[in-house]
Structures are given as structure tokens and as C-alpha cells.
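Working notes, structure below.
Please treat every number below as a calculation from the coordinates, not as lab data. Just so we're clear, the structure is a prediction, and the values are computed from it rather than from any experiment. So basically every Cβ, Gly included, is an ideal-geometry build from the backbone, and we count neighbours across all protein chains shown.
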Amino acid sequence: MNLPHENPQNPQKSIWVIDDDQSMRWVLTKTLANNGYQVTAFESGSVALSSFKRAASEELPSLIITDVRMPGINGFELLKQVKNISPRTPIIVMTAYTDLDTTKHAFHEGAFEYLPKPFDIDDAIDLVGRACAQADDRGAISAQQLPSDIGDWQSPLRTWAKQQLSQGETDILKNAARTFEKTLLDCALEATRGRKQDAARLLGWGRNTLTRKLKELG
């Protein structure tokens, strides 16, 4: 596999690898580094989660790759907590237990993709590339849609509403309200690093209201 050319306009993607298996951490770290990624490895979900909570926004990884079955915090719990803090961070879940329930659980909790062990290294690198690309696309879309002035949000909303009405959409108000609430909730959780009580205070909600909204909008 060839090393990519470094581009100052496109800095190295930071990837966190979390697995209690030292040999798996070594293989992934070596392979990803050889393909131009900046890799940080953790032997437990607990240590990784603590580091994630303490990290500044610019220090957060572009992608997380985590095993499922680990002592302490398992991959699913890690996935859930990371998504509460930073919903846009893509997470690849890997495990040797490739049963349907495990796969469904991974996607239900918001995993980008499921990687069964043992896996082909080239397939893993391709998956990592797609995950990082999707993260870039989401960031670019958000930046493009972010209005320079708070009043500008009405223009794209009007365009979207006209498109929906022209297509015969009848639940437009319900769908728009749900999307609006979900966006505000995600932003509040990101701003408070996943602290639900602080996020509820930002939104003017009680803690019970925020918990209910998480279930409704999840």
C-alpha cells in the first residue's frame, strides 16, 4: 500500500483505535499510520472515553474504531456515550461475534459500519476512507448551510418547504419541527460535552423533558 502525499490543505486524519487485544491494536495502528493517518491506540473503552470527554473540539478524532467485547466499558456503551457527546463522530465497530443481533445493535446505536473479525486489511482501509470522507462531507454541508446572519435561515427553509409542497408532502410541518428540535438537541449536547442537565438548561427544558426528547427523536 502506498503512502499518500501530504497536503497542507488537508491535514492528517486522526483515528482512535480501541481494543484490549494488543496484537490487534498494533496491526491497525501500523496499517493506518502507513496509509497516512494519525493514530492513537487505547487498550480500554474507559480510558478512551475519559480522553474523549477531556479533549478540546480540535483534538477530537476524525474516526473511532472500537472492539465490542472489552473489560469495563464495552464497545456499545462507548459508542452510545460518544454519540451523546459528538453525534457526528463516525464510529466503526469490530468484533469476532458476527451474529445478527450484534450487528443490529451496532447500527441502532449509530455505528457508521460493522467490521467483522478477521477482516481483510485492504477492506478495512477502504472502510476507514469512506468513514472519513462522510465525516468531511457532513462538515462541509454544515458549513455551507450555516447562515452568516441569524435571519438567513429563513431562505433555505423556504426553498425546502417549496420543494416538499411541490412533491405533495403532507407532513411538512411535523417533519420540519422534528428536524429543528433534533438539531437544537444535538447542538446543546455538543456544546455541553454530553452533560444532559447542562444541555437541558441551555434549551430551557427540565432534565425529564430532555430525556424524553432523546427517546422520541433518537
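Treating r as the C-beta distance of Gln12 and Glu216 and R0 as 35 Å, the FRET efficiency rounds to 0.35.
Modelled spin labels at Leu173 and Asn74, positioned 7 Å past Cα toward Cβ, are 4.5 nm from each other. Between Gln164 and Phe107, the contour length at 0.36 nm per residue exceeds the Cα-Cα span by 17.7 nm.
Give the whole-number value, in cubic angstrom per residue, of the convex hull volume spanned by the C-alpha atoms of segment 151-217. Don't jump to the answer; show the numbers that get you there.
Values: hull volume 6.4 nm³, N = 67.
Hull volume normalised by residue count: 95 Å³.
Using the alpha-carbon positions of segment 14-142, Rg (one decimal) and Dmax (whole number) come out as 13.4, 38 Å. Annotation: for a label point projected 7 angstrom from Cα along Cα→Cβ of Ser57, residues of segment 190-207 with backbone N closer than 11 Å are 190-193.
Karplus-derived 3J(HN,Hα) values for segment 32-41, using 6.51 cos²θ - 1.76 cosθ + 1.60 with θ = phi - 60°, are 5, 4, 5, 9, x, 9, 8, 10, 10, 10 Hz; glycine and proline are entered as x. Checking the Cα-Cα distances for Lys53/Lys117; Lys13/Lys117; Lys53/Lys215; Lys162/Lys213; Lys80/Lys162 against a 26 Å cut-off, the pairs over it are Lys53/Lys117; Lys162/Lys213; Lys80/Lys162.
Using the Cα centre of segment 152-218 as origin and beta-carbon charges of +1 (Lys, Arg) and -1 (Asp, Glu), tell me which of Thr159, Thr179, Thr211 is placed farthest towards the positive end of the dipole. Looking along the dipole axis, the top candidate is Thr211.
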